[in-house]
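To start, the structure itself, in structure tokens.
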Amino acid sequence: MPQGLVLVAEPAQEAALTDQFGRRVSYLRISVTEHCNFRCSYCSPEEGTPFFVRKDHLQAEEYDRLIRIFSGLGVRHIRFTGGEPLLHPQILSFVGFARRHGVGKISISTNGVLLGRRADALKQMGVNNLNVSLDSLDPEVFARVTRGGDVRRVLEGIDAAIRAKIPRIKLNVVLLRQDNGDSLPALLEYAIQRGVDIRFIEAMPLGEAGADARETQFFSAAEAQQVIERHFGPLQPVVRPADNGPARLYQLPAVRSQVGFITPISSDFCATCNRVRLTATGRLVYCLGQDGGLELLPLLRGAASDGQIAEAIIQGIWRDKPEHHHFVNDPNRSARVFMMRLGG
């Protein structure tokens, strides 16, 4: 039992998840695996990540139970992440759980390698938002950043998702000064040609790999916007939907694609944070940049009822979700943090 939590019989019906700073949590990011078929330079150490013991991972029925509980607490957007979520053999079942429990917005973040063979099934099961990582169109640069990835397969996967008519498709580009700082216009042109959205994301110092990327390759969103506007002209701000992520959104005239900038370093968006993360080992993480969290696996595998688990979640978010993240390049902390484990 987490220290300081007093479990009660049942939570209030349709209780809202709120923190002490007045923010309502309606968005849950769920990691379904800590494994990935890439070892991206800003995510994974070159030698790879530690081995994660499978018995310590959530099982399908435990994901189902937690999705039901979070839906009852007002979560209306679930994003499945990893590692690489399409590696999990039961990913379609997890999407089905979210749909069955009334979650309206069901998203997946993927590196796109397996998307070609799974796009149709994902659409049929209810995925209505898809984020695909694409840091470069250049095969050599892409292979270097991902340490061996084949950009051709990713591009084929994106085309398959478009053919499957997944409603909202976004490309995620981590800003890396040396690797893609001069190719942002080409990435935006690619998105425009296919009618998909694109997000440019500042590198975050999470884990040794992330700390190294932040130190050697940081490229701010403001600089990226200047590069893009030199090629395409002024970007027009777009009002961000209430349930959207942290991106500042822009539009070009007569273009369907939206352009977003995510700025965890240069201009944090903590005041409007509406999300928490669930790791594949059952840890509820309140903030990507903080260590605080709640271990749900002991409650799931113990005698706790759904109501008691819900109350633990309510109390944990209220008490421990921090007001701000603090991204500090502390090697002692950094060595313990892996983006694959946190689920992005």
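The table that follows gives values for the structure above.
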quantity	calculated
Compactness of region 109-151 as Cα Rg over 2.2 N^0.38 Å, two decimals	1.32
Region 41-115-region 250-284 distance, computed between alpha-carbon centres (Å)	18 Å
Surface/4 of the Cα convex hull for region 106-212, nm²	6.7 nm²
Region 41-139: Rg to Rh, with Rh as the Kirkwood radius over Cα pairs	1.00
FRET E, pair His35, Arg240, Förster distance 56 Å, beta-carbon r, rounded to 0.05	0.95
Directionally averaged projected area (convex hull, Cα atoms, region 82-129), nm²	3.1 nm²
Inter-label distance for Ser93 and Lys165, nm, one decimal - labels placed 7 Å from Cα along Cα-to-Cβ	3.0 nm
Formal net charge of residues neighbouring Leu249 (Cβ-Cβ distance under 12 Å; K, R +1; D, E -1)	+3
Difference of contour (0.36 nm per residue) and Cα-Cα distance, Arg153 to Val255	34.1 nm
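Every read-out reported here was derived from the displayed coordinates using simple, explicitly stated rules and does not represent laboratory data. All values derive from a computational prediction rather than experimental measurement. Glycine also receives a Cβ, built like all others from the backbone with ideal geometry; neighbour counts cover every protein chain displayed.
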